[in-house]
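Note sheet for the following structure.
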Amino acid sequence: MASDFVRQFPLPGGSRTRLSEVHLDALLCIAVLAVIVLGLVVHHYRDDDTFYGQMLRMSVGLSALVAAAWVQPRQYVSWAPVVYGVSVGLLILVLLIGTTAKGSQRWIDLPGLPQFQPSELTKIAIPLMLAWYFHDRRLPPGLGDMLVALGIIAVPVILIVQQPDLGTGVLVAASGLAVIVLVGVSWRWMAGALALGVAAAPILWMSLHDYQQERIRTLFNPEKDPLGAGWSIIQSTTAIGSGGLLGKGVGEGTQSRLDFLPEGDTDFIIAVIGEETGFVGVLLLVILYLVILARGLRLATLAPNRFGRLLAGGLMLTFFAHVFVNIAMVCGLIPVVGVPLPLVSYGGTSALSILIGCGIVMSIHTHRTGRR
Amino acid sequence: MEDHELEQRAFLTRATVVFLMAAVLMLGLLARFVDLQMFKHDIYSTRSDENRILVQPLAPDRGLIYDRWGVLLADNRPILSLAMVVERVADLDEAISDLGWSIDISDAEIAEFKRRIERPRRPYEPVALKVNLSDDEVARIRVDGHRWSGVEVVPENLRYYPLASLAVHAVGSVRRIDEDDLASLDAVRYSGTKFIGRFGVEEFYERSLHGKVGHHQVEIDVRGRVVEYLPENKVLPVAGQNLTLHLDSRLQTAAYAALGERRGAIVALDPRSGGILALVSNPGYDPNPFIAGIPQEEYRLLAASPDAPLFNRATRGTYPPGSTFKPIVALAGLSEGVTDWERTIIDTGEFRLPGQSRVYRDWSWTPTNTGGQGVVNLRKAIYRSSNVYFYQLGTRVGVDALGEFAFQFGFGAASALDVESAEGVLPTRTWKKGARGEDWFLGDTVNMSIGQGLMLVTPLQLATSAMVIANRGRWVQPRLLLSSDAVLSGFDTPLPPVRVQGPTEQDWEMLVNSMEDVVHRGNQGFRENGTAWWYIGRDLGYRMAGKSGSAQVVEIAQGEEYDEEELDERQRKHAWFIAFAPADDPRIALSVLVENGGGGSSVAAPVAREVIDAYLLPRFASAPQPAPSASSVARPRSSPMEQPPPVASASGTRLIHGSAPQPAPSASSVARPRSSPMEQPPPVAGASGTRLIHARL
């Protein structure tokens, strides 16, 4: 049975442990911390500034996790429309006053606050809003509910794509679609939507920016422009491939140390890990990510109500989508989009939203006793 | 409750399916990693190494060049230069102006740099922007350098010539390898080399001086900057061989000083070994700025100068030999039996070929003085330089026999072992037919008899002929190389000495006596003194044999007097003097040319004496005491003249080319006053080592 698969994971859930008194989940915490530590080790051997910066960001993120876990799930229910509204508002604000970086407006630079990317907030806001929307509806959802749900997803996604940030847009959409999948839309509908998507592919292709088309073309033939568009993918696969089974040793990766590999601290850090720790390191990391996903989904299934289930499941699948898209991109399986590797890449906003997401999942799980 | 249970169960199913899909996706990713990291590991490993590892050639140190006393003639100086790898600089102008904030870069340097990068060159080779940085400049670049991509401070060995312009025409110089060289040079052998010998010894012995290239691996970053030197697979370069020349830098300096401001050339030889003791072409030029790269403007000035400082007169300049050729004609006549030492003629100052009206005159002829030299035998014909005697003699010998005989002295050929030189012209019937398309006329023979007309010689050739006379007929191949650290492969060994065929033992001695008269015969009355006696012979403390010559540059119309005052300076006669001394045991033979100097005896002879004085007088001065030196190994020497050539070799084994006497090891110190060479045989570092002698005698 498929359901048994999930159950096989250790279950401290039933009994109250000391960690659950502070509304944390032991296994999820351990897996998250393990990934963070692995990332910090890599950063430590690369650059002191990013290492300490990452330490700081992770401390902030973990505090946010604890705080988010402390909050009662019903609070989230009541905050959901507000959070969604605020995030859509911020996305509009970005388009109006955002800071331009690398040719697109993604950042807001408000006085007194650290720079942040509002699109990161939507990765929480959309699952939250959808969970809120579906929490008292009749299931499985009818066509009307589906259209509303798609609308909830579409508004921020369109705003993000306008920045333009197609990669984040796709991932934000995925965070919403994850909830829709979990809410119980029939497989037939999903297959139909998929077929529709494939059929619409040429139209989508036409609507892409030139540079986006170029990235996709590069994916299939990076050698066409080895010093330009193909550079990063050639160098990242070279880094990974040259790592072999056991890697060149942490801090010894020549591709990254000598700067052949671009963005080694951020989006391409999995290539550094692949180069320095080899397949073994990558395997360990992938296992840890699957543990996080499995545990998160397990906590979702244990949630006392629909809101909790949908929110926790949606957040965990969003998390996974990031992992998958990032790794697939770095090893040259999908086009290069600006997606960091969760909990490992250097960067604040992304880690914050993911850790808050984990916090919310733990909150849902550890506040169960109140029930329904 | 039931509803809730159902919904929970449905969710569990969904979550499980989604998780399994996620796991499958991750497995797909892992499969990609397995493919990259295991199956294609070798490919990517190689690719990664190709990214970062660069094989850099290690240039060998160029061999040093010493004079016979161990004085450095060509040295290597380590310097630091600012260079750019143009391929790695995004915006050259911006980079240069950026650099301008840290160090001074002149417009001329920028222009020169631009010129260098325009030319084809090896890719990724740093191109020098500013050569020979000061410590301060290096420090400033090191501080700011990380900001610039493709900017490097590169160490290089710059050739340095301590004697600068004094020895440039003997030693030659090196120049930066340019695109033309790249096409012809061995790409691997020269992969690390920036300079190549041009001219002189530097060019001739390029193969030996160059050494063997080594290489090592360096790790570079994405900007091409060297991050680390990798110890693996390092092959050290092998330095080029050090060469010791016969050249005597003191004599060279003295010879230069003797010429002073006058254009001309001096070649001095050691008659025993054929070794070139001095090789001067004046004016010279300082080769040192060329090596760093002088602005083109300065080069153009040098190249365009009417004094032609870049031109090596001593080996490449060809001039009519004038009367200095008469001793050869005399010997030819003796060999052919058309004259002897007794035969006399009446020199009326004029000569006519039978049936021709053209008058060939003696050098002493003037419209008011037409007497000629009176009764003249061969000896007097030489010390008085009687043209008329030689007009007659030459026509009797004939061009064929004369040419054949003169060829034995090295005329008409580049016969030196290791000096690139002009062949000059030793005219023959066939040569004239080929070169001028004209038949040979008897008049040509008349002119040739006194070294005029079609004949052209180099100062080196005339010095060689003086040496052969000094040796009483023994020709020794002129050479610069005295010894080297090891066998020089691929070079000709010196030709064995050859005896000039024809003249008898007595003829040679008589000729030498006649040439001594040129210098020493004095107080004998009108038209009886040696031509050079008044100028150099009156107070000469040793016996010198010589012959003057004044080579006409322009044709003087019949019956017109040659008036130096009226002629343009550039059209005046070239003054020649050949000499050797001591006459009975010659140690030095030389030729002196003063371009447009006028009379050979009055202008060139004093120069010759100054040079010979500089060479011999210190030896005479130290002759009485056999030069004991406190630190030197006491070793009796038969004569100060047997001064061994010095050896300044680090290795024990040396090869001595030719017949130079074997040097005696000595432990005296290096730095000694130059004034008394006899006392200070230069030290031999590898004194204990075996010495291979390549003596040809």
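Divide the volume of the convex hull around the Cα atoms of the stretch A:139-199 by the residue count and you get 81 Å³ per residue. Each Cα pair under 8 Å and six or more residues apart adds its sequence gap; the mean of these over the residue count of chain A is a relative contact order of 27 percent.
Between B:258, B:614, B:222, the Cα set farthest toward the positive side of the dipole of the protein assembly as shown (charges on each charged residue's Cβ, about the Cα centre) is that of B:222. For residue B:141, neighbours were defined as the other residues whose beta-carbon sits under 15 Å from its Cβ, and their charges (Lys and Arg +1, Asp and Glu -1) total -3.
Counting only lysines at least 8 places from residue B:114 when in the same chain, those with an alpha carbon closer than 30 Å to its own are B:130, B:194.
The aspartates and glutamates within cross-link reach of residue A:224, meaning a Cα-to-Cα straight distance under 12 Å and a gap of 8 or more places when in the same chain, are A:214.
Compute the whole-percent fraction of alpha carbon pairs in the stretch B:371-439 spaced more than 16 Å apart. When all Cα pairs of the stretch B:371-439 are counted, 63 percent exceed 16 Å. With a/c under 1.5 counting as rounded, go ahead and sort the stretch B:233-308 into rounded, prolate or oblate using the C-alpha gyration tensor (a ≥ b ≥ c being the square roots of the eigenvalues; past the cut-off, prolate if a/b is larger than b/c, else oblate). Oblate shape, in that a/c is at least 1.5 and b/c is the bigger or equal ratio.
Measuring max minus min along each principal axis, the C-alpha atoms of chain A give extents of 57, 51, 50 Å (largest first). Taking the alpha carbon gyration tensor of the stretch B:421-490, multiplying each eigenvalue by 5 and rooting it gives semi-axes of 33, 16, 9 Å, largest first.
Taken along its principal axes, the alpha carbon cloud of the stretch B:400-450 reaches lengths of 36, 20, 15 Å, longest axis first. Accessible surface ranking for B:114, B:234, B:432, 1.4 angstrom probe, highest first: B:234, B:114, B:432. Expressed as a fraction of 2.2 N^0.38 Å, the C-alpha radius of gyration for the stretch B:5-114 is 2.44. Classify the stretch A:116-221 from the C-alpha gyration tensor, please: rounded if a/c falls under 1.5, else prolate or oblate depending on whether a/b exceeds b/c. Oblate, because a/c is 1.5 or more while a/b does not exceed b/c.
With protein chains left intact and a 1.4 Å probe, residues in the protein assembly as shown average 42 Å² of accessible area per residue. Residue B:378 sits among other residues whose Cβ lies under 15 Å from its own Cβ, and their net charge, with Lys and Arg +1 and Asp and Glu -1, is 0. Considering all alpha-carbon pairs of the stretch A:184-282, what whole percent are spaced by more than 18 angstrom? Looking at the stretch A:184-282, the distances longer than 18 Å represent 59 percent of pairs. Using a probe of 1.4 Å on the protein chains alone, the accessible area found for residue A:190 is around 40 Å². Summarised in one figure, the compactness ratio Rg/Rh of the stretch B:89-215, Cα atoms and Kirkwood Rh, is 1.00.
Taken over the Cα atoms of the stretch A:291-372, the convex hull encloses 92 Å³ per residue.
Counting heavy atoms of the protein chains alone, residue B:204 has an accessible area of about 60 Å² for a 1.4 Å probe. Taking only the C-alpha atoms of chain B, the Rg (one decimal) and the largest Cα-Cα distance, Dmax (whole number), read 35.0, 155 Å.
Among the residues of A:255-263, the average count of other protein chain beta-carbon atoms within 10 Å of the residue beta-carbon is 4.
Relative to the Cα centre, the charge distribution of the stretch B:386-455, modelled as +1 at Lys and Arg Cβ and -1 at Asp and Glu Cβ, gives a dipole magnitude of about 280 debye.
Just to be sure I understand the rule: take each whole DSSP H helix in chain A, project its Cα atoms onto its long axis, keep it if the span is 20 Å or more and its mean Kyte-Doolittle hydropathy is at least 1.0. Which ones pass? Span-like helices in chain A: A:26-46, A:73-97, A:143-161, A:166-183, A:269-301, A:306-330, A:349-366. Taking the square roots of 5 times each eigenvalue of the Cα gyration tensor of the stretch B:336-464, largest first, gives ellipsoid semi-axes of 27, 18, 14 Å. Scaled against the 2.2 N^0.38 Å expected of a compact globular protein of N residues, the Cα radius of gyration of the protein assembly as shown reads 1.52. About its Cα centre, the stretch A:178-316 has a charge dipole of approximately 920 debye under the convention of +1 per Lys or Arg Cβ and -1 per Asp or Glu Cβ, with nothing else charged. Lysines near residue B:547 by alpha-carbon distance under 20 Å, same-chain residues fewer than 8 away left out - which ones? The reachable lysines, counting only those whose Cα sits under 20 Å from residue B:547, are B:326, B:380, B:573. Using a probe of 1.4 Å on the protein chains alone, the accessible area found for residue A:216 is around 40 Å². Placing +1 on the Cβ of every Lys and Arg and -1 on the Cβ of every Asp and Glu, with no other charges, gives the protein assembly as shown a dipole of roughly 2640 debye about its Cα centre. Since only B:22, B:131, B:532 are under comparison, the one whose Cα sits farthest along the positive direction of the charge dipole of chain B, derived from C-beta charges on Lys, Arg, Asp and Glu, is B:532.
Other residues whose C-beta falls under 11 angstrom from the C-beta of residue B:101 contribute a net charge of -1, scoring Lys and Arg +1 and Asp and Glu -1.
The values are calculated or read from the model by the stated rules, or taken from the named source; none is laboratory data. Just so we're clear, the structure is a prediction, and the values are computed from it rather than from any experiment. Note that each Cβ is placed from the backbone with ideal geometry, even for glycine, and that neighbours are counted across all protein chains shown. These area figures cover heavy atoms from the full protein model, side chains too; ligands, DNA and RNA do not enter into them. Shrake-Rupley method; radii C 1.70, N 1.55, O 1.52, S 1.80 Å.
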